[in-house]
Number of protein chains: 2
Amino acid sequence: MSKILIRAMILPMTGADTFFPQGEICIEDDLIVSVGEKGSSPEGFVPDRILELPNDVVMPGLINTHTHAAMTLLRGYADDLPLMPWLNEKVWPFEDKLTDEDIYWGTLLALCEMIRSGTTTMLDMYASMDKVAEAVLQAGTRAVLSRGLIGNGPNGENALQENIELVRQYHGTGNGRLSIMFGPHAPYTCSAEYLKKVKAEADRLNVGIHIHVAETQDEVNILKEQYGKTPVQWLDELGLFGGHVVAAHCVHLTQQDIEILHRQNVCVAHNAESNMKLSSGTAPITELRSQGVVVGLGTDGASSNNNLDLFGEMRSASFQQKLKVNPTALPAYEVLEMATVGGAQTLGFENVGVLAPGFKADLITIDMDQAHFYPRFSIPAHLVYSAHAGDVRTVMVDGKLLMEERKLLTLDLSKICQEAEMRAKRIELELNVK
Amino acid sequence: MSKILIRAMILPMTGADTFFPQGEICIEDDLIVSVGEKGSSPEGFVPDRILELPNDVVMPGLINTHTHAAMTLLRGYADDLPLMPWLNEKVWPFEDKLTDEDIYWGTLLALCEMIRSGTTTMLDMYASMDKVAEAVLQAGTRAVLSRGLIGNGPNGENALQENIELVRQYHGTGNGRLSIMFGPHAPYTCSAEYLKKVKAEADRLNVGIHIHVAETQDEVNILKEQYGKTPVQWLDELGLFGGHVVAAHCVHLTQQDIEILHRQNVCVAHNAESNMKLSSGTAPITELRSQGVVVGLGTDGASSNNNLDLFGEMRSASFQQKLKVNPTALPAYEVLEMATVGGAQTLGFENVGVLAPGFKADLITIDMDQAHFYPRFSIPAHLVYSAHAGDVRTVMVDGKLLMEERKLLTLDLSKICQEAEMRAKRIELELNVK
């Protein structure tokens with residue numbers, strides 16, 4: 001049994017008014033035992049380890065609700081291009097060359113970056129997901145994994161079987177750190193029949209569905225032409241909603257779409273930076289939230305971002321909404337909610353996303369003793385508008401320390417960077433030779 | 001005489017194809033002597049000091065072309081508010097309480113943050129500018145200072161005299177690190193007569209003018225109502241242009257405005273994050289650049305950003321243009337140009353902004369041995385789309401090291417943070433008591 005006490009400022013994300021300037025948080029094994037002001041530790045709690053971090057803020061670990069982790073291998077490979085040449089000439093040919101082992105190392109690279117930037121949980125969609133599961137178990141983070149399913153492609157059936165096998169093999173493993181969803185790619189890459197089959201399997205296995213929805217205006221146009229409906233209307237009519245569904249992007253929505261998402265309890269994974277970099281548009285996050293839709297934040301893959309830094313994403317999400325709506329849109333504390341408790345709700349966790357007794361000890365500490373955090377008028381504003389990834393000092397997931405003083409404890413950063421470099425350059429060479 | 005040799009990757013910003021993966025840069029006193037591949041150092045150059053940084057990229061120091069440095073004291077004091085209540089109820093009452101010494105310490109706080117995030121030069125506009133000059137001379141950075149002149153206010157004449165005195169006392173001091181411009185605030189806060197007087201003084205003293213232009217649609221409406229012209233047309237007609245002018249913001253421009261700015265060689269200071277956070281709009285940077293207008297990047301003050309990090313600003317500038325235009329807008333290398341050589345041109349420097357023989361040794365090094373910089377497909381893309389402020393390892397201005405291994409060498413960070421905290425909280429208390 002491990003008992004850890006952290007003394008620091010605490011922002012538990014249990015309400016905008018709750019902040020402990022000289023706080024104490026007690027952790028026993030994987031769970032939080034108590035959170036409060038100095039002296040609030042339970043009687044008889046004798047820690048094995050005390051972290052004295054009076055200049056740090058402790059907050060829940062950040063939750064990345066939409067990514068393609070192994071796409072770190074494409075970071076900087078293709079930027080500033082129009083969408084279709086970017087995909088057709090660069091991204092897809094590169095991805096065709098990825099081996100299982102490449103995806104393993106690319107995911108490890110992503111996990112290094114995530115831990116170093118305070119992300120403790122991700123929802124991933126990619127291929128070779130058993131390798132991704134292995135990487136996550138090794139890193140010690142929390143993750144929800146989904147096999148990307150291009151139903152219209154030649155591999156649709158095989159991929160579905162892989163996703164089913166993934167549920168069987170990994171759902172609930174790693175002391176519950178790993179869980180599985182189905183990952184049908186999008187309504188324009190999966191037929192109605194295929195989507196119904198996926199939904200039936202998800203219901204049978206009692207797991208959720210992770211799907212791209214209404215990311216671009218082109219997608220909406222395709223669906224309208226093909227089915228005479230918006231992507232959301234089409235998926236609703238097909239019966240894909242109703243269970244636990246995470247809809248990534250949702251940039252182009254009608255008022256009726258928003259009502260459907262709300263009625264069906266669909267959660268939205270918002271990817272502000274990817275939507276800007278790819279010129280997809282500004283998602284109606286302010287309207288979605290005001291109508292009660294749960295929204296989490298995602299980075300999308302490193303080819304369209306190009307980092308996996310949720311601090312940057314929080315800032316961009318707020319700025320993008322303010323630009324579109326007005327300066328009061330998405331205030332700092334609400335953005336923090338989206339990145340923590342909103343992310344946990346999006347991913348279906350009931351015991352992650354806030355710091356409270358009985359919750360999983362997934363937390364990060366941020367070094368506030370820096371020029372860009374003075375004066376200390378507002379911790380939430382500083383975390384959203386001033387912080388950057390490098391400010392994270394400590395990361396804990398499931399009660400286990402994954403980073404201390406910015407040193408990764410479960411992963412060999414240098415080895416992983418070298419492997420990623422070698423593998424990415426090998427693929428570039430293969431593509432150039434061909 | 002000091003001689004320094006840096007061995008590192010070098011991105012000199014002298015052209016998109018110029019990069020030295022194993023480079024050498026020789027510095028003698030304040031000037032760059034040579035830049036090139038390994039072995040390129042001039043014969044007979046015997047350095048006193050060698051910096052071996054094989055995993056760092058050396059590039060020109062970043063240039064912040066529009067800020068109000070001492071507004072760091074308001075960081076986090078007022079966010080997420082509508083523009084007028086933000087100004088009337090929060091910013092202006094707070095600023096009314098600032099003493100000369102407060103501005104000195106607030107500027108020092110800004111300079112700490114700037115150095116730590118790789119900014120070597122700023123164009124500042126504020127009050128108590130002699131105190132700002134003192135802070136800059138102490139920090140060792142390069143700066144162009146302008147006294148903010150609210151011509152329509154009761155203090156217009158005094159402020160103009162202060163600006164004149166500032167030129168007399170500081171223009172060209174600190175081995176040329178300090179220069180002075182006039183800072184008429186904006187066309188809607190200065191009368192025609194006042195602006196003409198400022199222009200005459202600027203011409204007489206042979207210094208430039210730094211002014212806010214067309215930041216909000218409201219400003220355009222005011223000018224149109226008052227004078228029947230856009231802000232740019234009005235300033236052109238008044239004769240304010242023609243010399244060296246830096247127009248900050250320029251969010252709301254007509255095609256004719258852009259033509260005037262180009263014809264008159266007006267340089268634009270673009271503040272993407274402030275324009276988003278305050279919901280001002282998206283400046284037509286792509287059009288301005290395509291029509292040959294010189295554009296630099298700025299952070300604006302820390303009350304509307306809330307940090308002074310130009311890495312974040314580069315990223316946001318590109319993303320905001322891509323969102324508005326298309327994914328090819330403002331590609332990575334062009335953004336780097338805006339933050340370096342474009343900034344130098346904006347501020348009127350002929351020997352700053354690129355790494356080349358005869359140029360001032362204003363440079364930074366970025367630690368590329370990090371997860372978010374692998375694989376190393378594109379250094380420019382990594383610097384713009386993946387980097388954050390904390391990645392800067394070394395900062396040199398005028399040949400003098402201001403930061404090594406992230407440790408500030410000219411400023412007492414801890415003391416400055418404490419002073420800033422104390423002074424900001426004193427003002428908050430004064431305002432609450434009243």
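Quick notes
- Over all projection directions, the Cα-based convex hull of region B:173-288 averages an area of 7.7 nm².
- Relative packing of peptides A:193-199, B:13-19 - highest average C-beta neighbours within 10 Å first: A:193-199, B:13-19
- Debye log10 I(q)/I(0) at q = 0.14, 0.15, 0.18, 0.21 Å⁻¹ for region B:229-387, Cα point scatterers: -0.74, -0.84, -1.17, -1.45
- Inter-chain neighbour count for A:100-109: the average number of beta-carbon atoms from partner chains within 10 Å of each residue's beta-carbon is 1.
- Accessible area of chain A belonging to carbon and sulfur atoms, whole % at 1.4 Å probe: 49
- With R₀ set to 35 Å, the beta-carbon distance separating residue B:414 from residue A:45 gives a calculated FRET efficiency near 0.60.
- Accessible area (Å², per residue) of chain B, counting only protein heavy atoms and a probe of 1.4 Å: 33
- Cα gyration tensor category, rounded, prolate or oblate, for region B:284-360 with a/c compared to 1.5: oblate
- The lysines whose alpha-carbon is closer than 29 Å to the alpha-carbon of residue B:224, local same-chain residues fewer than 8 away aside, are A:322, A:324, B:90, B:196, B:197, B:199, B:277, B:324.
- 18 Å Cα-Cα reach of residue A:360 towards aspartates and glutamates, excluding residues that sit fewer than 8 places from it in its own chain: A:24, A:28, A:29, A:30, A:337, A:350, A:398
- Working from the Cα coordinates of chain A, the gyration tensor eigenvalues give, after taking √(5λ), semi-axes of 34, 24, 21 Å in decreasing order.
- In plain terms, the C-alpha convex hull of region B:24-68 casts an average shadow of 4.7 nm² when viewed from every direction.
- Peptide A:326-337 shows a mean partner chain C-beta count of 3 within 10 Å per residue C-beta.
- When only alpha carbons are used to place a centre, region A:345-364 and region B:210-263 end up 52 Å from one another.
- Label-to-label distances for residue A:224 across copies, nearest first, come out at 3.0 nm, using points 7 Å from Cα in the beta-carbon direction.
- Where only DSSP H runs of four or more residues are counted, the protein assembly as shown gives -10500 deg cm²/dmol as its mean residue ellipticity at 222 nm, each run worth -39500 (n - 2.57).
- Bridge type composition, chain B - antiparallel percent by DSSP, nearest 5: 45
- For region B:55-173, the Kirkwood estimate of hydrodynamic radius, built from reciprocal distances between every pair of different alpha carbons, is 15.4 Å.
- Measuring from each Cβ of chain B to the axis that turns chain B onto chain A, the shortest distance belongs to B:390, 1 (residue, then whole Å).
- All-pairs alpha carbon distance profile, the protein assembly as shown, 10 Å steps from 0, percent: 2, 13, 23, 25, 20, 12, 5, 1, 0
- Rh (Kirkwood; distinct C-alpha pairs) - region A:327-434, Å: 17.0
- The HN-Hα couplings worked out from phi for region A:389-399 by the Karplus form 6.51 cos²θ - 1.76 cosθ + 1.60 (θ = phi - 60°) are 3, x, 7, 6, 9, 10, 9, 10, 10, 6, x Hz, whole numbers, x standing for Gly and Pro.
- Of all lysines in the structure, the ones whose alpha carbon falls short of 18 Å from that of residue B:97, not counting any fewer than 8 places away in one chain, are B:131, B:425, B:434.
The values are calculated or read from the model by the stated rules, or taken from the named source; none is laboratory data. Quantities reported herein were computed from a predicted structural model and do not represent experimental measurements. Note: ideal-geometry Cβ built from the backbone for every residue, glycine included; neighbour counts use all protein chains shown. All accessible areas refer to the heavy atoms of the entire protein, side chains included, with ligands and DNA or RNA removed. Shrake-Rupley method; radii C 1.70, N 1.55, O 1.52, S 1.80 Å.
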